[in-house]
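This report refers to the structure that appears directly beneath it.
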Amino acid sequence: MKKTIIALVILCTSYTTLQAQKVYNEILQTSTEVAKDKNNDLEKRKVATFKVDALKYMLMKTKELMPDSSMHMVDVQAYAMYCFVNNYITALTKAKKKKDKELVKTIYKEATIHCPRFNDMDKELILAYYNNENFLTQFVLDCDWEKALKEVENVTQAINK
């Protein structure tokens, strides 16, 4: 009887963990598929590669620095990153003039450096995309994506007034 109860508790716990990672896993899976699909254009694959790297970094640092935190927080951060990157691509697409495109790039890029999540001192790792001209997503990996998303929204609202 004890073994059955213990097995049920373990099963329920693992199911809850799987459900809690649903958003993270979905974004990771779709981004990985896009990144690996050679039928997609190179820029689309590079954006998806950034998302995969950002998600893996986020989970790695969360487990390392906050092992007791809930996976709900990782899901929230994953979704905020997904929205941040997609909003960035949309804003870039809407910007017609070169100076407007540069402004969009600067606003989004700077938001990621202003909003660290883990205060990681491994600058080579966290800035791997930041100054890399080969990628459209020149963002810092160590980012609080919720805060960065809010910062971008505030800046763009102020500009549009």
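Computed from the coordinates by the stated procedures, all read-outs in this text should not be read as laboratory data. Being a predicted model, the structure only gives us computed values, none of them experimental. Don't worry about glycine lacking a Cβ; one is built from the backbone with ideal geometry, like all the others, and counts go over all protein chains shown.
The residue list Ala48, Ala91, Thr106 was ranked by how far each Cα lies along the charge dipole of the chain toward its positive end, using unit charges on Cβ atoms, and Ala91 comes out on top. Take every pair of alpha-carbon atoms less than 8 Å apart whose residues are at least six positions apart; their mean separation over the length of the chain yields a relative contact order of 23 percent.
Cut-off is 10 Å between beta-carbons; in what order do Lys61, Lys56, Lys94 appear when sorted fewest neighbours first? Before the final figure, lay out the partial values.
Numbers: Lys61 19, Lys56 13, Lys94 10.
Listing Lys61, Lys56, Lys94 from fewest to most nearby Cβ atoms yields Lys94, Lys56, Lys61.
Semi-axes of the equivalent ellipsoid for the chain, please: Cα gyration tensor eigenvalues, times 5, square-rooted, ordered largest first, whole Å. Intermediate values should be presented prior to the final figure.
Numbers: eigenvalues 224, 61, 44 Å².
So the three semi-axes of the chain are 33, 17, 15 Å.
Largest first and in whole Å, the equivalent-ellipsoid semi-axes of region 104-152 read 16, 15, 6, each the square root of five times a Cα gyration tensor eigenvalue.
Would you mind checking the tilt of helix 42-65 against the longest principal axis of the Cα atoms of the chain, expressed as 0 to 90 degrees and rounded to 10? With both axes taken from Cα atoms, the answer is about 50 degrees.
The lysines whose alpha-carbon is closer than 28 Å to the alpha-carbon of Lys38, local same-chain residues fewer than 8 away aside, are Lys22, Lys46, Lys51, Lys56, Lys94, Lys101, Lys105, Lys109. From least to most packed, judged by other beta carbons within 10 angstrom and beginning with the fewest, Arg45, Arg117 follow the order Arg45, Arg117.
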